[in-house]
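Okay, so here's the structure we're looking at.
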Amino acid sequence: MALTIYGIFASRAVRPLWTAEELGVPYTHVPTPYQGGATRTPEFLALNPNGHIPVLVDERPEGRVVVWESMACALYLARHHGKGDGSDIAPATAAEDAEALRWALWAVTELEADALCVLMHRLGLPPERRDADKLAVAEKRLRVPLRVLDDHLAAAAARGHDYLAGARFTVADLCVACVANWARPSQELMHSFEHVHAWLQRCHARPAYQRLKAAAKTQG
Ligand SMILES: N[C@@H](CCC(=O)N[C@@H](CS)C(=O)NCC(=O)O)C(=O)O
């Protein structure tokens, strides 16, 4: 079996890249950027008609599987390339699978748009294009899902658990951490949610994530 992941670290492609790295599965990384036209070639559009990264291609004995949508890529990798025995980040039980599915979907529906707004208007856009009003609205709205996440982590901590689905880091944490990370430039917001803040630091300190980050720096 051969896996290929298209997309760069500084994008939603980090979701499948980090998952593959955590699982320790061999994969080929094609660092396709999202700017400059590489996602609009006929070859790329044949993989993902949306013209977005990431795309995951899994060459399997029974045939090629192409996955797009970053959360689907991460969940697919965990489900089909994880051990499923609780020794890695893949769900090992129906309950863990439910956690992974619900938190991944929650992250893209409840968190992503406002977290991206924070990232862009605090950091990503040139200063003259940043909009303080948009930023203020996004930061206010984010307080609702971040309260849900913080309460969940606080309840887990009371049971001696450091992560969303229990005692170990799973793909549920990875999916949410990738999105919540975009809100980190808003330090005041993050410091209002101490459990989220500490959990995000734990997630991003993981060797698999740090390896990818270091590799991205050397790729330029
Ligand atoms: N919902 C999609 C969004 C994918 C997406 O928008 N990717 C961006 C990079 S993070 C992209 O490829 N943008 C290029 C474009 O839209 O032309 C996912 O999660 O995979």
**OP:** Considering only the stretch 123-143, state which residues are within 17 Å of W182 (Cβ to Cβ) and open to solvent by less than 100 Å² (accessible area, probe 1.4 Å).
**Re:** G124, L125, R130, D131, L135, A136, V137, A138, E139, L142, R143
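Yes or no, residue by residue, for (1) among the polar types (S, T, N, Q); (2) over 19 Å from L116 (Cβ atoms); (3) in the same structural domain as A104 (by TED's automatic domain parsing):
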{"residue": "L149", "(1), (2), (3)": "no, no, yes"}
{"residue": "L153", "(1), (2), (3)": "no, yes, yes"}
{"residue": "V171", "(1), (2), (3)": "no, yes, yes"}
{"residue": "C175", "(1), (2), (3)": "no, no, yes"}
{"residue": "W182", "(1), (2), (3)": "no, no, yes"}
{"residue": "C203", "(1), (2), (3)": "no, no, yes"}
{"residue": "K213", "(1), (2), (3)": "no, yes, no"}
Subject >> Meets criteria (touching an Asp or Glu at 6+ places or on another chain (Cβ under 7 Å), within 16 Å of the ligand (Cβ to nearest atom) and not polar (S, T, N, Q)) for V118 >> reply: yes
Subject >> Qualifying positions in the stretch 62-102 - charged (D, E, K, R) and either away from the ligand (no atom under 12 Å from the Cβ) or open to solvent by less than 70 Å² (accessible area, probe 1.4 Å) (or both) >> reply: E62, R64, R79, K83, D85, D88, E96, D97, E99, R102
Subject >> Filter pass, E59 being surrounded by fewer than 20 Cβ atoms within 10 Å (Cβ to Cβ), of a type outside the set (F, W, Y) and within 16 Å of the ligand (Cβ to nearest atom) >> reply: no
Original post:
For A172, are the conditions met, namely being within 20 Å of the chain's Cα centre (by Cα) and open to solvent by less than 60 Å² (accessible area, probe 1.4 Å)?
Top reply: yes
Original post:
Applying the selection to the stretch 10-37, what residues are surrounded by fewer than 18 Cβ atoms within 10 Å (Cβ to Cβ) and either away from the ligand (no atom under 13 Å from the Cβ) or among the hydrophobic types (A, V, I, L, M, F, W, C) (or both)?
Top reply: A10, G24, V25, P26, T28, V30
Original post:
D114: without any contact (Cβ under 8 Å) to a residue 24 or more places away in the chain and either part of a helix (DSSP H, G or I) or closer than 21 Å to L153 by Cα (or both), yes or no?
Top reply: no
Original post:
Taking the stated definitions as given, is V57 under 19 Å from A78 (Cβ atoms), without any contact (Cβ under 8 Å) to a residue 60 or more places away in the chain and part of a loop (DSSP other than H, G, I, E, B)?
Top reply: no
**OP:** Report yes if some residue within the stretch 19-39 is touching a Pro at 6+ places or on another chain (Cβ under 6 Å) and either in a helix (DSSP H, G or I) or of a type in the set (D, E, K, R) (or both); otherwise report no.
**Re:** no
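The values are calculated or read from the model by the stated rules, or taken from the named source; none is laboratory data. Since the model is a prediction, treat every value here as computed from it, not as a measurement. For neighbour counting, all protein chains shown are included, and Cβ atoms are generated from backbone atoms with ideal geometry for every residue, glycine included. These area figures cover heavy atoms from the full protein model, side chains too; ligands, DNA and RNA do not enter into them. Shrake-Rupley method; radii C 1.70, N 1.55, O 1.52, S 1.80 Å.
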